[in-house]
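*Asks:* Structure provided below as structure tokens; questions to follow.
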Amino acid sequence: MISLLLVSWTIGCFIFAQIFFKLILDNFRFNAGNFVFDPKVLQGIATKHAADSTKTKEEVFDAVQQELAKTYPDHVWTRKQWVWLSSGGSVVSATFLHASLTEFLIFYGTPTPVSGHSGRQPLEAFDFVLRGEKCYQLENEIKLNRAKAGEMSYLPTMRSANLCIKDECWSLQYGRGLLPLALPFYLLSTFTSTLDFISLIRGIMICSSYTLYELFYNKKI
């Protein structure tokens, strides 16, 4: 019975997603290659500020956020609202700088050791480490990869990785793709593990407000 409900729920989600995207595409122009953010520009900004070891992580966040807001006016929020992000067996703190149906930009990290699964998502993710170090293992590989402050890690669409932070680590993460189809991965942990519905509701409200702003003000999906 439970398996039948899960299968029905999954099929329903995909049908809803197809209808939803069809309605959006009928009303808003969208070029799949016309994303707002350029990973090379983001990497340049992150690397520049990560190299300044005299700054605290809070000062690095502020400097990166201010430069991003100047580089991408009307697309980067300057208010920080930290929320728990629980997924794949790990829990980190995150604050959203941008959210739309096809792109997101966040600061995320943790001062405590964590490990977990990245999920297999219909999006590609670019991680620019600002402080600390993270370790990761890509699928079909047996080697350990490391990304230190000023370095980038990349996870292609529909690929997965095993992630580990041994000590404190904070990053700027940029993701782009079919973000609504990735929501189950980020939502189910609340129902199956943490039961932290307050954090879930806060995160949904923040993402929804940013997404609606992009959709109706900037005409961007």
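*Asks:* Can you name the residue in segment 203-221 that is at pLDDT below 85 and within 18 Å of residue 175 (Cα to Cα) and is also surrounded by the fewest Cβ atoms within 10 Å (Cβ to Cβ) among such residues?
*Replies:* Out of the qualifying residues, it is 221.
*Asks:* Can you report the number of residues in segment 155-202 which are loosely packed, with under 13 Cβ neighbours inside 10 Å and either aliphatic (A, V, I, L, M) or in a strand (DSSP E or B) (or both)?
*Replies:* 5
*Asks:* Checking residue 165 against (1) in contact with a strand residue (DSSP E or B) (Cβ under 7 Å, 6 or more places away or on another chain); (2) farther than 15 Å from residue 87 by Cα, which test does it fail?
*Replies:* Of everything listed in (1) in contact with a strand residue (DSSP E or B) (Cβ under 7 Å, 6 or more places away or on another chain); (2) farther than 15 Å from residue 87 by Cα, residue 165 misses just condition (2).
*Asks:* In the set 186, 154, which member is assigned by TED's automatic domain parsing to the domain that holds residue 103 and touching a residue at least 40 places away in the same chain (Cβ under 8 Å)?
*Replies:* Every option except 186 fails the conditions.
The values are calculated or read from the model by the stated rules, or taken from the named source; none is laboratory data. Everything quoted here is computed from the prediction, not taken from an experiment. Glycine also receives a Cβ, built like all others from the backbone with ideal geometry; neighbour counts cover every protein chain displayed.
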